[in-house]
Every structure is written in C-alpha cells, then in structure tokens.
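Trainee: Sharing a structure below in structure tokens format, with a few things to ask.
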2 protein chains.
Amino acid sequence: MLTLHQMAMSGNCYKIRLAAHQLGIPLNLVDYPLHGGKTREPEFLAKNPNGRVPLLEFEDGRFLPESGAILFYLAQGSALWPSGRWAQAEVLQWMFFEQYSHEPYIAVARFWLGYAPKEALEAKRHLVPEWHQKGYAALGVMDGHLAARDWFAGERYSIADIALYAYTHKAHEGGFDLDDYRHVRAWMERVKATPGYIAL
Amino acid sequence: MLTLHQMAMSGNCYKIRLAAHQLGIPLNLVDYPLHGGKTREPEFLAKNPNGRVPLLEFEDGRFLPESGAILFYLAQGSALWPSGRWAQAEVLQWMFFEQYSHEPYIAVARFWLGYAPKEALEAKRHLVPEWHQKGYAALGVMDGHLAARDWFAGERYSIADIALYAYTHKAHEGGFDLDDYRHVRAWMERVKATPGYIAL
C-alpha cells in the first residue's frame, strides 16, 4: 500500500487524499503535527530533503514529494488525467498557476491568519495586504476562466480542479471574501458533487 | 509556426527557447520590455489573463501560459520527456520544486539585485536575506540530489534539468555564490554540453 506522509489541515495534502479517494486508491496516512518542525528534522529530511509534506512513500522505499507530481502519478490512466497533449498541458498549466500564483498567497494567508500562534502572526501582519491583493488577482483569473467553462482543463473534472479547489474552498480562513466570484463559487459546488468527494 | 511571447532576460522564457532549440522547433519571438508593465495591459491580458510571459501562441489562436506547461507540451514524444509513469512524475517533481522552492528566491533576487531600478530595489532590500536563505536551501537540495546522479530525473537530461538550469546558472546575478555547490556546478557544465545548447 502507498503511504502518505501528511499534515491533516494542509490543503496540499488534502489534494492527495481527495484524488486517491476518488480513484479508489487506499492510502496509509502518517500524520505530522502542524507546528514543531518535525519535517525539518534529520529523520524526515532523509525521506524528503526539501522538508515538506505531502510526501508519497512506495512499498519499495521510493519517495515522491510535490503535490502536483503526486497527483500526476496517481491520476495516470484515470479520468482525472485527460488524454491528448493539449488537454494535458492545460491541466499542468493550472497546476503550475496554483503553485506559483495562488497557493503562496491564499494558502499562506490561511496558515498565518487561521493556524499560526498569535505572536507569530504579528510579525507577518504587514504582509496580509499583499497576500490579499495577489490572492484576489488569482481568484479573478479563475473566475474569468470559469465564466465560460465548468472545469479548468480538458472540459472535464481533473487533477487541475482538485489542485485549485483545495485552498480556494478554505480561502475564507485567510480572510478572503468570495462573494464577488460567483463562477468560482458555482465551480466549488460542482467539485463537491463529484463522485467520491471527501471534505478536508 | 509557434509564437513565443517573451522577455529576453527572463529565465522562464529562456527555458522555452532552449528546449525548442534542442528539439528543432522554430519559434517566432515577440519581445516585451522588462519594465513598463506591457503584460498587465488589456491587449496582453486578453491573451493571458494572468499577465505573465512566457506565453505560447498557436497558429489557430490558442494560448498556453506557464513555463512548465509549455515545456511539457513541447517535449512530448521527445527524449526530453522520459517514458514511464515514475520517471515522468520525477520530472514534474523537480519542475514544481523549481517553481515553488527555487524560482521565488533565486530568480526574484536576480531580478531585484540585477535588473530593477535602484530606487525600487531599496524598497525590497530588507527581503534579500530571506531570498538568499531560501535560495541556498534550494541549491542545497539540488546539490545533494546530484551527488549521486548526473541528471535530475529519469537518469537522463530532461525538461526538469532545463527548468532548474535557467535561473541556477544566473544565480550569481542575485548575489549567490555557488562555490560550495560543486555537484550543481558540474551539472551546469553537463547541461552546457548538451546538443543544441544555446545561452541565455
């Protein structure tokens, strides 16, 4: 069985649990606490030198980090990974968009405003306006794209939707108001209605 | 012919030029100035609502943004994209690593220290220590991985190497000293020696 090293509240880890559940792939979960730096200690760094979860462990001892790469691996041969070079490139386009233009603002705001110790947040408080400005910009790009489409890529539900859904549907925990992003809100309802959906 | 909307000095754009040249794919280049915000104006936003280059334009009017997605698209069916689910996932692992843990520090330091107007840099100067700390951490992960390998994934040169090479070989412009990263330096020499290599 595959083992997922994870933090329960992490959206990046939830992406893997959601995709695996929808694909019928059982996962053995190893949980790490959100605080305390366990993933920066030598025992974990021997598994992933970049010190991050999610990390997928195979029975033969191989490890695969990076949520996007794990989603790609799990989805091969399934409906969550479309066929055709163009549709596949579109899926990856939105997964790279999420990691570069979305997660660093929307997930980071959620962590600091929703989960960090109060005194640690105070040292980051001056960054909140930039997180909100850039996070809203990403939400605007998503809303425009979804105005004419049900899903992000390949005209069907894929790992691109899973990647973007994870932190978007928890954006309110980082102080984002999605009232003005009605296409995003309708898309989140469609994701929630997909077979095998599980909540974060 | 494919058209690449690009900025000449951008490492993300250089990745596409390098891969296309090595694959024998001709590109029509449309250059944007580094400063002045042309990619945030309506004419460009109609092509890519996220306001970024590189952006690949197809003859039929489709557009593909995100350097990682463009590299994936161009490399399909070539030696730059390995066969096999595991090797492909490894390639994407390093491409996501580059965009999340490497580029935001190493490319950003290069831009502000090497290319930004002096008065703009002063407003960012307090961020330089964090860029260097996190950028060196990424270089450490790379150096450790390359200690036992010639290439990042699939045991051969791939778009993962191209993605990581682009900003690593210009890291000195952002104040990074690579003297202690000898495996990275040896790997950069191997990249430079690949057939069809072109300089940034």
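The values are calculated or read from the model by the stated rules, or taken from the named source; none is laboratory data. What you see is a predicted model; the values in this text were computed from it and never measured. All Cβ positions, glycine included, derive from the backbone under ideal geometry; neighbour counts span all protein chains shown. Ligands, DNA and RNA are stripped out before the accessible areas are found, and what is left, the full protein with its side chains, is counted by its heavy atoms. Shrake-Rupley method; radii C 1.70, N 1.55, O 1.52, S 1.80 Å.
Trainee: What are the GluC sites (Glu not before Pro) within segment B:13-81 that DSSP puts in a loop, where the Cβ has at most 10 other Cβ atoms within 10 Å?
Mentor: Values: sites: B:Glu43, B:Glu57, B:Glu59, B:Glu66; in loops: B:Glu59, B:Glu66.
Here the sparse-neighbourhood loop sites are B:Glu59.
Trainee: Pick out, in residue order, every one of the chymotrypsin sites (Phe, Trp or Tyr not before Pro) in segment A:98-172 that is DSSP loop and has at most 16 other C-beta atoms within 10 Å; say none if there are none.
Mentor: Here the sparse-neighbourhood loop sites are A:Tyr115.
Trainee: Here's another thing I want to ask about it. Under a no-solvent Debye model with one identical scatterer per Cα of the protein assembly as shown, what's log10 I(q)/I(0) at q = 0.08, 0.09, 0.11 Å⁻¹?
Mentor: -0.40, -0.52, -0.81
Trainee: Where Lys and Arg each count +1 and Asp and Glu each count -1, what net charge lies around B:Ala186 among other residues with Cβ under 14 Å from its Cβ?
Mentor: Working: positive: B:Arg149, B:Arg182, B:Arg185, B:Arg190, B:Lys192; negative: B:Asp143, B:Asp150, B:Asp161, B:Asp179, B:Asp180, B:Glu189.
Cβ neighbours under 14 Å give a net charge of -1.
Trainee: A further question follows. Take the rotation relating chain A to chain B, measure from its axis to every Cβ in chain A, and name the nearest residue with the distance in whole Å.
Mentor: Here the value is A:Gln99, 3.
Trainee: About its Cα centre, what dipole magnitude does segment B:1-158 give when the only charges are +1 on Lys and Arg Cβ and -1 on Asp and Glu Cβ, stated in debye to the nearest 20? Spell out each step's value before the answer.
Mentor: Working: 15 positive and 16 negative charges, 37 e Å.
For segment B:1-158, the charge dipole is close to 180 debye.
Trainee: If you don't mind, there's one more thing I want to ask. Measuring label to label, 7 Å along Cα→Cβ, what does A:Lys47 give against each other copy in nm, shortest first?
Mentor: 4.5
Trainee: Would you work out which of B:Trp131, B:Ser101, B:Pro117 lies farthest towards the positive end of the dipole of segment B:87-146? Charges go on Cβ: Lys and Arg +1, Asp and Glu -1.
Mentor: The one lying farthest along the dipole's positive direction is B:Pro117.
Trainee: Quick one: net charge of A:His21's neighbours, Cβ under 15 Å, K/R +1, D/E -1? Before the final figure, lay out each step's value.
Mentor: Values: positive: A:Lys15, A:Arg17, A:Lys192; negative: A:Asp161.
Its environment carries a net charge of +2.
Trainee: Given label points at 7 Å from Cα along Cα→Cβ, what nm distances, shortest first, separate A:Gly196 from the same residue in every other copy?
Mentor: 3.7
Trainee: Nearest 100 Å² is fine: what is the total accessible surface buried where chains A and B meet, probe 1.4 Å? Working shown, then result.
Mentor: Working: alone 9960 and 9960 Å², together 16740 Å².
Its buried surface, counting both partners, is about 3200 Å².
Trainee: Could you tally the net charge around B:Ala160, taking each other residue with its Cβ under 14 Å from the Cβ of B:Ala160, Lys/Arg +1 and Asp/Glu -1?
Mentor: Neighbour charge sum, excluding B:Ala160 itself: -3.
Trainee: Give the shape of chain A as rounded, prolate or oblate, defined through the alpha-carbon gyration tensor: a ≥ b ≥ c are the square roots of its eigenvalues, a/c under 1.5 means rounded, and otherwise the shape is prolate if a/b is larger than b/c and oblate if not. Walk me through the intermediate numbers first.
Mentor: Details: a/c = 1.87, a/b = 1.03, b/c = 1.82.
Because a/c hits 1.5 or more and a/b fails to exceed b/c, chain A counts as oblate.
Trainee: Restricting attention to segment A:120-167, which trypsin sites (Lys or Arg not before Pro) occupy a DSSP loop and are surrounded by at most 15 other Cβ atoms within 10 Å? Intermediate values should be presented prior to the final figure.
Mentor: Numbers: sites: A:Lys124, A:Arg125, A:Lys134, A:Arg149, A:Arg156; in loops: A:Arg149, A:Arg156.
Passing sites in segment A:120-167 are A:Arg149, A:Arg156.
Trainee: Return the single residue from A:Leu56, A:Leu127, A:Leu71 with maximal mean-square fluctuation; model: Gaussian network over chain A, springs between Cα atoms under 10 Å.
Mentor: Comparing A:Leu56, A:Leu127, A:Leu71 in a Gaussian network model of chain A, the most mobile one is A:Leu127.
Trainee: Hey, which of these cross-link pairs are over 20 Å Cα-Cα: A:Lys118/B:Lys124; A:Lys15/A:Lys124; A:Lys15/A:Lys170; B:Lys134/B:Lys192; A:Lys124/B:Lys124?
Mentor: Numbers: A:Lys118/B:Lys124 26 Å; A:Lys15/A:Lys124 26 Å; A:Lys15/A:Lys170 13 Å; B:Lys134/B:Lys192 26 Å; A:Lys124/B:Lys124 16 Å.
In this structure, A:Lys118/B:Lys124; A:Lys15/A:Lys124; B:Lys134/B:Lys192 exceed 20 Å between Cα atoms.
Trainee: Here's something else I'd like to know. Let's see if you can work this out: charge +1 on each Lys and Arg Cβ, -1 on each Asp and Glu Cβ, no other charges. What is the dipole magnitude of the protein assembly as shown about its Cα centre, in debye to the nearest 20? Show your work: numbers first, answer last.
Mentor: On the way: 40 positive and 44 negative charges, 1 e Å.
Roughly 0 debye for the protein assembly as shown.
Trainee: Sticking with this structure for a sec: Which of rounded, prolate or oblate describes segment A:1-100 when judged by the alpha-carbon gyration tensor and an a/c cut-off of 1.5?
Mentor: On the way: a/c = 2.01, a/b = 1.63, b/c = 1.24.
It is prolate, given that a/c is not under 1.5 and a/b is the larger ratio.
Trainee: Just to confirm the numbers: A:Leu29, label point 7 angstrom along the Cα-Cβ line, distances to the other copies in nm, shortest first?
Mentor: With the label placed 7 Å along Cα→Cβ, A:Leu29 yields 5.0 nm.
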